[in-house]
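Novice: This structure is in structure tokens; I'll ask about it shortly.
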Amino acid sequence: MDSPLDGPRDPGMRFFLPTTVDEAVDLLGVAAGYVCVAGGGLIVPSLRSGARPAGLVSLRRVGVIRNMTTIGGTVCRADPSADYSAALLAAGATIHLRAKDGERSVAIDDFVLGDNKTARRADELVTSVSLPRDLGRGSGAYIRFSRVDGDSPVVTVAVRLEWRDGVVRSARIAVGGCGPKAFRPGEAESLVCGRARVEEIPAALFDSAVAEARPVSDIKGSADHRRRLIPGLLRRALAQGFAAGAS
Amino acid sequence: MSGPSGRAFKRVRNVGAPIPRLEAVEKALGAAVYTDDMTLPGMLHGALLLSPHPHARIVMIDTARARALAGVRAVVTGADLPHTRVGMLIFDETPLARERVRYAGEPVAAVAADDIEIARAALDLIDVRYEPLPAVFTIDEALAPGAPVLHEDFGAYVKVMDLGPLEGANELCRCRMVHGDVAAGFTRSDVVLERTYETSAQYHAYLEPAAALATFDALGKVTIWSSTQSISRVQANIHEALDIPMSKIRAIAPRIGGGFGGKSEAQVQVFAVMLARAARRPVKIVLSREEDTMAMRSRHPSRIRLKTGVTKDGKLVAREVEAWIDGGAYAEESPVIINVILFFSTGPYRFDAVSSTGHAVYTNKLRASAMRGFGNVQITFAVESHMDELAAALGMDPVDFRLKNLIQVGDQWLGGQPVRSSGLGRCVEQAIERSGWRTKPRGGWVSGEGRRRGLGIGLTCHTSAFMSTSAIVRLMEDGTVALNTGSVDIGQGGDTAMAQMCAGMLGLDVDDICVVAPDTDASPYNSGTNASRSTHMVGRAIGGACDQVVAQLCDRASMMLGMPRERLEIRPGGVVAVRDGNASVAFRDVAMFATHAAIGGGPIIGTAAVTQNEPLDPAHTQSEGMLSFDAVGAFAFGAQVVEAEVDEATGRAEIVEAWCAHDVGQAINPSAVEGQIQGGFVQGLGYALTEEMVWQDGQLVNPSFAGYKIPSTLDAPYAIHSIIVEEPDPGHPFGAKGIGEPPLIASPGAIANAIADAVGVRMRRLPITPERLMFALDPSEAKP
Amino acid sequence: MIATRFNVNGEDRVVQAPAHRTLLDALRGPLALNGTKKGCDIGACGSCNVLLDGVVVRACLVLVADLAGADVRTIEGLASDLVPGIVQQAFIDAGAIQCGFCMPGMIVAATGLLKDNPSPTVDEVRAGLAGTLCRCSGYVKVIEAVLMAARLAKGASS
């Protein structure tokens, strides 16, 4: 039974189902305006609102990419308050890209430019996201605050600590939802080094993290509220990181 | 209502049986038919053009380009309506805007086309020229001197009730209720406390969006299936808007995916009919979630000032109330809702004197209208918060303070109506005992790193009735029964409860009852499924109709058995028998005899019509701008205790556990009652903590589930204890009272009180979002 | 227009549709399977949950063109000849069903949850169903239904 919905309405929007990364990359190199569809969570609602890119390139069958479609899509979207943003930044991830003319790798700190922009060129495909080999040897924590459980987060905090002789040797701290991109509060990172216990962390660490934040107000919360959330969430994340490091 | 002795059997599966809904299997299989599941041959799809401006003059509408689009079959605007204005209590609106739009989202035009994509494309081709006007978005803006006026011709509008002594240009109702001498009462009081409480707009968020399918037959009669709480209101709304006689309007209710008040009045039905008539083909309109949120209805935002005088040993003396509700662009039910706020402004407590004043105002936002609780939610939040604040001022336990002032059976409510039954004391007792209220510390306790818990109590009293209703009960030839009440089951289990009550009256099993689907061609008048009225009022009508059926059964059986009428009674299983004897005859045989025998007397059919009839008593309470409250039925009482936990680092409050005790008179279906308690409590939880429609310059900024958060499984506690208390009402054949709204009404106050207990901060504005609570916990400026 | 062949409830189907057509609109249109509901169309409510290759997904976020060779199971596919499956029957018996509009999506979500976790705790059920909204029930009897289904399934398999 044909639905009246299935008449020729958009002969212009094409659909592609490549099975290899090379095929996908070739397609992206063909024309500006071809959009990758991975999990569909962002693209499909935009189609519903009337967006009609020149073509959709589905990544569902591309072997290497299949299992990481959610992460790849999220990384490319670069929403500063999304869960992966702070987490990947604190983990020190590397983004691997391929275009027709070759491959390159970019550290997450350099990949995300802010305001939903990334260093990816239109003809490049994110083929993988890798994490440092020694990630498991440190300790970490991830805390998210949302207005209700399961809601997209308002503020996120991720912490990664490396230890030597019972003391923090280096730290990566990432705060999301408090600026145009997830950021690393540098002074806070240096203030946590050399500590053995979470009680040794000075109050100045939290003040400096708040000072470096550049939150804006939106429907999910005001800038003031986001600033107020940082100390409590950061304290909790560090407590978890220290507790895991001690064991 | 009481019939021959031995009536109201409960041994066969009927009243009191916790059975699943009659239509549960169909719903579980995905086979239930809701409006959007229906198609008709040649059916077109409709779409609405909504105003982008919150307030504007319509200078010009040109639909020519839209009409020219291939596949477009009809385009209608306000110019196609026969009347200047229609309305419920104030004739202040037109289904499609004429000359002016008064809220962003107001329907301006409608299109029917071969498919939904063409219809939506056609909307972009309708040229509308607007001249924006200054707008008002809050109660204060609407009442400010020199404020833009939404309804300049208000004075000339037809009004169905006395709206009171209006003053402000945007005021649509001003009502008062006065009992006793409040000034003298304050003088006598040792403590007088005055506080103001505010609430926000809540969205019904039924999962099934507004939908209607209309089709005309060759004789000009329209049949309309729609998602509605009332087929009689669909019929009336179409009749009034389009001048079609009711005899030519057939309104049918298929399965309904929730209503909660938002579907009490017509949503898209009039548009579907207009388009079907213009296109001469069936038309279906289904709103998107965004359209439904933006264009339909909300609960009224409110501001309520309470001033209460009390003696130092905790006796309530006097209360003064001033309440304002923000009615949005068109009045609809606003006058009744502000009336209800005044009516319940005492709470279930005794006072010597009360003076309550209410104002409803117009603003340039969507209609605020009926939503589960109907004004009582807002006033009960204020009253129950205030009771705790009074208790604190007196140094009394919040429960002891309430117990000292509880209204009792025989007392008169504000307005003079007597309380004929009350399980409130038992509800409080049960909620207190099961929650461990007396064993947990007042002022909360630490429950984790940076977390504190507290307990709060909230009481409620609400209606069990509204308007009028009727029932027809027919015995079919095989002794089974057709029950026809026009009652729309919106998901609350109405059909099942009706069938259980009918079976209970006749000694039958619920499977013997055929519940006739609501259809204005066939069904007797029923004002609608709202006001927690169905079990109580429709139950009374069913009782009356069944009384007639039993009388007729016994009459015929007396002829068949050769026994005097007085010696006969009905017995479980569909039998008429001789009392203390053996002779009997089955319903089936009596039905055959009645229907076919020459002396049978004709088919057995019983009818009853019920209306409430207790007007406000002017000797008890002086009032103006009030509908005569011949509406309450049986007062429905409840008490809830809530345990809340606050995360002080984030301001997030979570409800850990709740004990909800409600007096339902008699639980017709205990499982369904529990479901109403649990569901109502969680809607109240959303209202108290997370749900808020937010506007910026008159534009709704969160018209979807992504931005408007209703509770999920992680937000609602599993540990919601439904405690059924039964204190039968003498007016109902089984003593049943309403349960649909009370669980929602009681919970916000209990939650606000629990949070105050946990962290010592009194939140007087809902919702208590993490942001608001964090600021209240630490009002100092955030650094830097 | 793209022709896509995939399996729905055990039957091979072909749908002709433009690239932007969602599985939800195809189910409720040419496939005539109205059990799956449209509550929001942006993936926020779960009324359109279906099983895609055994995994719970939102049909409103899946493009038909992306489904070549896929296995789709809807609420209609959980019953046998109109006899409710274990999860469906548990929802009926627990009294979890009120207006019923969210129930196809909820029952599919529960089915997916129990496949991955046959003996969930209350909190695991709450977490597993968090993406599917219900406005009527307050979720208590929904959780009871899932626990009941878990017990019944365990009993049936032992």
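Just so you know, all these numbers are worked out from the coordinates, no wet-lab data involved. Every value quoted in this text rests on a predicted model; they were computed, and no experiment measured them. Methodologically, a virtual Cβ is constructed for each residue, glycine included, from the backbone with ideal geometry; neighbour enumeration extends over all protein chains shown.
Novice: To the nearest 20 debye, what charge dipole does chain B have about its Cα centre, counting +1 at the Cβ of each Lys and Arg and -1 at the Cβ of each Asp and Glu?
Specialist: Values: 72 positive and 90 negative charges, 158 e Å.
That gives chain B a dipole magnitude of about 760 debye.
Novice: Once phi is turned into θ = phi - 60°, what whole-Hz ³J(HN,Hα) does the Karplus curve with 6.51, -1.76 and 1.60 give for every residue of region B:491-498, x standing for Gly and Pro?
Specialist: These are the phi-based 3J(HN,Hα) values: x, 7, x, x, 4, 5, 5, 4 Hz.
Novice: Along the positive direction of the dipole of the protein assembly as shown (beta-carbon charges: Lys, Arg +1; Asp, Glu -1; about the Cα centre), which of B:529, B:568, B:244 reaches farthest?
Specialist: B:529
Novice: From a point 7 Å beyond the Cα of residue C:157 in the direction of its Cβ, which residues of region C:118-150 have a backbone N at a distance under 17 Å?
Specialist: Taking a point 7 Å out along Cα→Cβ of residue C:157, the residues of region C:118-150 whose backbone N falls under 17 Å are C:118-121, C:125, C:146-150.
Novice: Towards the positive end of the charge dipole of region B:580-691, with charges on Cβ (+1 Lys, Arg; -1 Asp, Glu), say which of B:644, B:623, B:602 has the farthest Cα.
Specialist: It is B:602, whose Cα lies furthest towards the positive end.
Novice: Here's a follow-up. Whole percent per 20 Å bin, from 0 to the bin with the longest distance: what is P(r) over all C-alpha pairs of chain B?
Specialist: All Cα pairs considered, the percentages come to 16, 47, 31, 6, 0.
Novice: Using the Kirkwood formula on the Cα atoms of region C:2-76, what hydrodynamic radius do you get, in angstrom to one decimal?
Specialist: 11.9 Å
Novice: At q = 0.14, 0.19 Å⁻¹, what is the log10 ratio I(q)/I(0) for region B:22-127, with the Debye formula run over Cα points and no solvent?
Specialist: These q points yield log10 I(q)/I(0) values of -0.67, -0.95.
Novice: Using +1 on the beta carbon of Lys and Arg, -1 on that of Asp and Glu, and nothing else charged, what's the dipole of region A:12-63 about the Cα centre, debye to 20? Please report the intermediate quantities before stating the final value.
Specialist: Values: 5 positive and 3 negative charges, 59 e Å.
Value, rounded to 20: 280 debye.
Novice: Run the numbers on region C:86-157 and let me know its relative contact order in percent, using alpha-carbon pairs under 8 Å that are six or more apart. If you can, show how the numbers build up before the last one.
Specialist: Values: 71 pairs, mean separation 36.4, N = 72.
Relative contact order, region C:86-157: 51 percent.
Novice: Once the principal axes of the Cα atoms of region C:86-157 are found, what is the range along each, listed largest first in whole angstroms?
Specialist: Cα spread of region C:86-157 along its principal axes, largest to smallest: 32, 22, 17 Å.
Novice: If each DSSP helix of 4+ residues adds -39,500 (n - 2.57) and the sum is divided by the residues in chain A, what number results at 222 nm, nearest 500 deg cm²/dmol?
Specialist: Values: 8 runs with 79 residues, N = 247.
Only helices count here, giving -9500 deg cm²/dmol.
Novice: To continue, here is another question. Kindly express, to the nearest 10 degrees and within the range 0 to 90, the angle between helix C:140-157's C-alpha long axis and the longest C-alpha principal axis of chain C.
Specialist: 90 degrees
Novice: Moving to a separate point now. Dipole of region C:5-117 (Lys/Arg Cβ +1, Asp/Glu Cβ -1, origin at the Cα centre): which of C:39, C:8, C:114 lies farthest to the positive side?
Specialist: Positive-most Cα among the choices belongs to C:39.
Novice: Still on this structure, I have one more. In a Debye calculation with equal point scatterers on the alpha-carbon sites of region B:215-337 and no solvent, what is log10 I(q)/I(0) at q = 0.11 Å⁻¹?
Specialist: Taken in order of the listed q values, log10 I(q)/I(0) reads -0.52.
Novice: Label points 7 Å out from Cα along the Cβ direction at residue B:59 and residue B:157: separation in nm?
Specialist: Rounded to a tenth, the inter-label distance reads 2.7 nm.
Novice: Give me the Kirkwood hydrodynamic radius of region A:83-184 in Å, from all C-alpha pairs, to one decimal place? Write out the running numbers ahead of the final one.
Specialist: Values: mean 1/r = 0.0675 Å⁻¹.
Its Kirkwood hydrodynamic radius stands at 14.8 Å.
Novice: Under Stokes-Einstein, with the Kirkwood radius over Cα pairs standing in for Rh, what whole-number D in µm²/s applies to region A:135-246 at 4 °C and 1.567 mPa s?
Specialist: On the way: Rh = 14.1 Å.
In µm²/s, the coefficient rounds to 92.
Novice: Oh, and also: May I ask you to list the GluC sites (Glu not before Pro) in region B:420-508 that are in a DSSP loop and have at most 16 other Cβ atoms within 10 Å of their Cβ? Let's see the in-between values first.
Specialist: On the way: sites: B:429, B:433, B:449, B:477; in loops: B:449, B:477.
Listed in order of number, the matching sites are B:449, B:477.
Novice: Something else: Over region B:655-784, with a single point scatterer placed on each C-alpha, what log10 of the ratio I(q)/I(0) does the Debye formula yield at q = 0.09, 0.11, 0.15, 0.19 1/Å?
Specialist: Calculated log10 I(q)/I(0) at the listed q: -0.35, -0.50, -0.81, -1.08.
Novice: For an R0 of 35 angstrom, estimate the FRET efficiency from the Cβ-Cβ distance between residue A:193 and residue A:113 and round to the nearest 0.05.
Specialist: Working: r = 28 Å, r/R0 = 0.80.
Efficiency, from the Cβ-Cβ distance: 0.80.
Novice: Below 22 Å Cα-Cα, how many Lys pairs turn up in chain C? Only count pairs eight or more apart in sequence, or on different chains, if you could.
Specialist: Lysine pairs satisfying the spacing and distance rule in chain C number 4.
Novice: Sticking with this structure for a sec: What spacing in nm lies between the two simple spin-label points modelled at residue B:446 and residue B:131, each 7 Å away from Cα in the Cβ direction?
Specialist: The answer from the label model is 6.8 nm.
Novice: Show the residues, 5+ positions off or on another chain, whose built amide H is closer than 5 Å to the amide H of residue B:51.
Specialist: Answer set, sorted by chain and number: B:105, B:106, B:108.
Novice: Whose amide H sits under 5 Å from the amide H of residue B:702, counting only residues 5 or more places off or on another chain, with H placed in the peptide plane?
Specialist: Amide H neighbours of residue B:702, under 5 Å, 5+ apart: B:694.
Novice: Could you list the residues of region B:737-774 with an amide nitrogen less than 20 Å from a label point located 7 Å from the Cα of residue A:219 in the Cα-to-C-beta direction?
Specialist: Residues passing the 20 Å test: B:766-772.
Novice: Starting from the Kirkwood radius over alpha-carbon pairs of chain C, derive D by Stokes-Einstein at 25 °C in a medium of 0.890 mPa s and give it in µm² s⁻¹.
Specialist: Working: Rh = 15.8 Å.
It comes out at roughly 155 µm²/s.
Novice: What angle, in degrees between 0 and 90 and rounded to the nearest 10, separates the Cα long axis of helix C:103-116 from the longest principal axis of the Cα atoms of chain C?
Specialist: With both axes taken from Cα atoms, the answer is about 70 degrees.
Novice: Additional query: For the protein assembly as shown, take the alpha-carbon Rg, divide it by the Kirkwood Rh, and send me Rg/Rh.
Specialist: Details: Rg = 31.2 Å, Rh = 32.0 Å.
On the Cα set of the protein assembly as shown, Rg over Rh gives 0.98.
Novice: At a 10 Å Cβ-Cβ cut-off, how would you order B:248, B:284, fewest neighbours first? Please list the in-between numbers first.
Specialist: On the way: B:248 16, B:284 26.
Starting with the residue having the fewest Cβ neighbours, the order is B:248, B:284.
Novice: Based on Cβ point charges of +1 for Lys and Arg and -1 for Asp and Glu, what charge dipole magnitude is obtained for region A:135-246 about its Cα centre, in debye rounded to the nearest 20?
Specialist: On the way: 18 positive and 12 negative charges, 42 e Å.
Computed about the Cα centre, the dipole is about 200 debye.
Novice: Could you tell me what a quarter of the Cα convex hull surface of region B:147-225 works out to, in nm² with one decimal place? Mind dumping the intermediate values first?
Specialist: Details: hull surface 48.5 nm².
Seen from a random direction, the Cα hull of region B:147-225 projects 12.1 nm² on average.
Novice: Given points 7 Å out from each Cα along the Cα-Cβ axis, report the residue B:248 to residue B:68 separation in nanometres with one decimal.
Specialist: Once both label points are built, they end up 3.4 nm from each other.
Novice: Quote the Stokes-Einstein diffusion coefficient, in whole µm² s⁻¹, for chain A, based on the Kirkwood radius over alpha carbon pairs, a temperature of 4 °C and a viscosity of 1.567 mPa s.
Specialist: Numbers: Rh = 19.7 Å.
The estimated diffusion coefficient comes to 66 µm²/s.
Novice: Two-decimal Rg/Rh of region A:12-63 from alpha-carbon positions, Kirkwood Rh? The partial results should precede the final answer.
Specialist: Numbers: Rg = 10.7 Å, Rh = 11.2 Å.
Here the Rg-to-Rh quotient is 0.96.
Novice: While we're here: Can you list residues from other chains, or at least 5 along the same chain, whose modelled amide H is less than 5 Å from the amide H of residue B:264?
Specialist: The answer is B:229.
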